[in-house]
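Let me begin by presenting the structure, written as structure tokens, before commenting on it.
The values are calculated or read from the model by the stated rules, or taken from the named source; none is laboratory data. None of these values were measured; they are calculated from a predicted model. Cβ atoms come from the backbone with ideal geometry, glycine included; neighbour counts cover every protein chain shown. All accessible areas refer to the heavy atoms of the entire protein, side chains included, with ligands and DNA or RNA removed. Shrake-Rupley method; radii C 1.70, N 1.55, O 1.52, S 1.80 Å.
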Amino acid sequence: MKNIARWTDKGGSYRSIQRFFSIKTNWLELNILLLQGFWLTTSTTPGRYVLAIDEVVEGKAGKHTHGVNWFFSSIAGKVIRAISHHVVTLVDTKKERSFFLKSEQTVKPQLGKGEEKGKKERRKKPGKKKKGKPATKKAKGPKGNPGRPKGSPNKQNIKEESLLYKGFEGLLRAVLPLLSAIGLDIRYVLGDGAYGNKTCVLIARELGIELISKLNRNTALFLPFQGEYPGKGRHKKYGEKLDYQKLPSEYMVESKPDDEGKALLKTYQVKGAWTKHMPCLLNVVILVKVDLDSKKVGRVVLFSTDLDLDAATLVRFYSLRFQIEFNFRDAKQYFGLSDLKNVKEQQVENAVNLAFFMDNISLVLVEEAKALWQTQEVSIQDLKACFRADKYLRDILNVLELDEKTILNRPEIAAIRQIGAIHQHRIAA
């Protein structure tokens, strides 16, 4: 907050920045206005824009930050003390860029003193068990009718309760109506393997959107049953089980060597496969990589609830999910997501959303800079260097009491603004 105050012009004192961080701001509407005014193109091609959802975890050493708890960090590879936010972004499949929309903090319930003490005791190594009489087996009663009891709900159609699923559903319910209001028809939401489960599928189907995600590489897949109905009982659901080691050639879409010629890449697609953990048929794409020297085989299993989606588009959309990771990287590296020292709930929310909002601003400025400087190589570091040099220049002119209008028209100013930029030779006046 002090650093923001130092770089802000008139009206941005440290006290003003503190007041800004303490007020409630509708960041979603602010991002939608920025999206509508400066980011969206006139193209209305169906399927150009998709949603991406993921979780960002940032480590915090203190104990008083709102929502701080133990979360798994993929960067650290272990559970750390941190704050966690679920984030949804809008991905432009043509520009291959991700635009932040909304974040929602994951707040775990705090354990009471008694519960925490009991949890610590359970973590201790158990002592030697005392020998006693062996437990007697309970007598089994008469078996009832096989199958699910009549009138009981199908567990595959029941959503599970979890902070992950609450964040997933809450973000989609918040952004979909606003995107529809500005004329965007969103058909797909992208998520990593954490969202590849029945609850997220049920939520997506309930909201009228298709999910693209990943399954475990050893998930059992079954073809729909094609045999005749025996005449009694319910119709069979699962047919032949797919063998990953001997996938039928009829499902192969493509087979080609990789760019280095050291491996063979095979793509299989099954439009309509069952898994016992999902409530509906899935459009499954299996990517197989065979090392030509060691003969080792690697496998990735992607899926979509849209049974008509072709394999190439499904793989491309899922690869675009990684664009949200660049939002996380830029917000941490350039805009203070990893440096926030706020502890109160509203201040933490504003600090996180301000970091992502500035990432959106940088996306807009990069596009404008590419057109102005007539180059495709413009980075956030170039933008920061230009704005920093421009501020230094104005401060120097102010100290020297020189008129800006007579100085800023000189061509030498462009060279001054290049100080610190990476692509200096490409930046014009």
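3J(HN,Hα) along region 312-318: 4, 5, 4, 5, 5, 4, 5 Hz, from the Karplus curve 6.51 cos²θ - 1.76 cosθ + 1.60 with θ = phi - 60°, whole Hz, x for Gly and Pro. Among the trypsin sites (Lys or Arg not before Pro) in region 150-179, those placed in a DSSP loop whose Cβ has at most 12 other Cβ atoms within 10 Å are Lys150. Summarised as an ellipsoid, region 280-362 has semi-axes of 38, 18, 12 Å, derived from the eigenvalues of the Cα gyration tensor scaled by 5 and square-rooted, with the largest first.
Across region 174-267, C-alpha contacts under 8 Å between residues 6 or more apart give a mean separation that, scaled by the residue count, equals a relative contact order of 17 percent. Anisotropy class assigned to region 9-80 is oblate, per the alpha carbon gyration tensor with a/c at or over the 1.5 cut-off and a/b no larger than b/c.
Working note: Karplus 6.51/-1.76/1.60 with θ = phi - 60° gives region 26-35 the couplings 7, 5, 4, 5, 5, 5, 5, 4, 5, 4 Hz, where Gly and Pro are set to x. Among the GluC sites (Glu not before Pro) in region 222-311, those located in a DSSP loop and surrounded by at most 11 other Cβ atoms within 10 Å of their own Cβ are Glu228, Glu260.
Residues whose amide H comes within less than 5 Å of that of Glu254, counting only those at least five positions distant or on another chain, are Thr267 (H built at 1.01 Å from N in the peptide plane). The HN-Hα couplings worked out from phi for region 68-74 by the Karplus form 6.51 cos²θ - 1.76 cosθ + 1.60 (θ = phi - 60°) are 5, 6, 8, 10, 7, 10, 5 Hz, whole numbers, x standing for Gly and Pro. For Asp54, nonlocal amide neighbours, meaning residues 5 or more places apart or on other chains whose placed amide H falls under 5 Å from its own, are Val87.
Only one residue of Leu178, Gly227, Tyr244 has its Cα farthest out toward the positive end of the dipole of region 147-245, where Lys and Arg carry +1 and Asp and Glu -1 on Cβ, and that residue is Gly227. With all protein chains kept in place, the per residue accessible area of region 1-43 amounts to 70 square angstrom at a probe of 1.4 angstrom.
Which of the pairs Lys198/Lys341; Lys78/Lys370; Lys94/Lys296; Lys78/Lys344; Lys63/Lys198 have their Cα atoms more than 32 Å apart in this structure? In this structure, Lys198/Lys341; Lys78/Lys370; Lys94/Lys296; Lys63/Lys198 lie more than 32 Å apart at Cα.
Taking amide H positions as modeled 1.01 Å from N, with prolines and chain starts lacking one, the residues under 5 Å from Tyr188 and 5 or more places away or on another chain are Leu51, Glu210.
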